[in-house]
Every structure is written in C-alpha cells, then in structure tokens.
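Below is one structure; the comments refer to it alone.
The values are calculated or read from the model by the stated rules, or taken from the named source; none is laboratory data. Just so we're clear, the structure is a prediction, and the values are computed from it rather than from any experiment. All Cβ positions, even for glycine, are placed from backbone atoms using ideal geometry, and neighbour counts span all protein chains on display.
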Amino acid sequence: MIAALLFSSKRFIMSELPPCPKCDSPYSYEDGSQLVCPECAHEWQLGGEDEEQGLVVHDSNGNLLQDGDTVTVIKDLKVKGSSLVVKVGTKAKNIRLVEGDHDIDCKIPGVGAMKLKSQFVKKQ
Ligand SMILES: [Zn+2]
C-alpha cells in the first residue's frame with residue numbers, strides 16, 4: 001500500500017514535466033536546473049525559467065550582456081578616488097554583472113578590479 005502511494009505521487013510529479021523533446025518519453029525528471037530523459041539520456045533546459053539570472057544589463061548599443069563577456073570602454077572614464085583614467089578602447093574581459101548604478105564588475109589591466117556602467121561599454 002505504501003509503495004503504491006509513493007508510486008502514484010511520483011507519477012503525479014512526473015506528469016507536471018514536459019515529455020522529452022527528442023524521444024517523447026513522458027518520464028523526464030528534473031536534475032538541478034535541467035531536465036533529463038532516462039530513456040535516451042537527452043538533457044535540456046526548461047524554457048523561460050532563468051529567474052536566478054535576474055539581471056538584465058544592456059551595453060551602449062542595446063546588446064544583452066552576460067557574465068563572462070568581454071566589453072570595450074567607449075569613453076574615457078575616471079577612476080573614482082584616483083588619478084587613473086580608463087581610456088576609451090580599453091577591454092575588460094570576463095565581466096560580472098552586478099546590481100546597482102555601476103552594473104558591471106570587472107578587472108582592467110593596469111587598474112585592477114573596478115565597476116563600470118553598462119552605458120559606457122560595448123560588447124566585443
Ligand atoms: Zn528522450
């Protein structure tokens with residue numbers, strides 16, 4: 001009896017998930033943020049559920065920026081609290097998006113870690 005109950009509740013959870021897009025198996029299950037098909041081993045993402053990556057940051061051209069992108073500075077930027085200037089054309093590799101007024105966290109060669117405003121950069 002207990003086994004039967006467990007089985008039926010499991011089936012209920014499974015029926016909430018979409019079937020495998022590859023082989024149409026209804027037995028797909030969630031594995032972290034993705035779905036896995038036990039029959040053909042296909043793995044895929046459930047569409048439109050990227051809520052953990054809630055930050056939407058665009059560069060000066062309106063392109064969507066992502067963590068790990070390389071951007072180029074489009075105007076000379078003074079570094080707060082120093083006499084350093086980040087020159088136009090400076091590249092920042094492997095950026096990280098953060099919340100706030102300055103929404104890009106990055107390392108600039110010769111300057112170090114700093115924050116940039118996305119409106120002053122463009123994506124490589
Ligand atoms: Zn499958």
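Being surrounded by fewer than 10 Cβ atoms within 10 Å (Cβ to Cβ), hydroxyl-bearing (Ser, Thr, Tyr) and in a loop (DSSP other than H, G, I, E, B) is not true of Ser60. Candidates Gly32, Gly100, Gly89, Gly68: the one that is within 19 Å of the chain's Cα centre (by Cα) and at pLDDT 90 or above is Gly68.
The set of residues in the stretch 69-86 being surrounded by fewer than 12 Cβ atoms within 10 Å (Cβ to Cβ) and part of a loop (DSSP other than H, G, I, E, B) consists of Lys80, Gly81, Ser82, Ser83. Could you say whether any residue in the stretch 37-45 is surrounded by 16 or more Cβ atoms within 10 Å (Cβ to Cβ), more than 19 Å from the chain's Cα centre (by Cα), without any contact (Cβ under 8 Å) to a residue 40 or more places away in the chain and in the same structural domain as Pro21 (by TED's automatic domain parsing)? Checking the stretch 37-45: at least one residue is surrounded by 16 or more Cβ atoms within 10 Å (Cβ to Cβ), more than 19 Å from the chain's Cα centre (by Cα), without any contact (Cβ under 8 Å) to a residue 40 or more places away in the chain and in the same structural domain as Pro21 (by TED's automatic domain parsing).
Taking the stretch 14-43 as the range and being within 8 Å of the ligand (Cβ to nearest atom) and touching a Leu at 6+ places or on another chain (Cβ under 7 Å) as the test, only Ser28 passes.
Of the listed requirements (1) more than 16 Å from the ligand (Cβ to nearest atom); (2) at pLDDT below 95; (3) assigned to a loop (DSSP other than H, G, I, E, B), Ser8 misses just one: (3).
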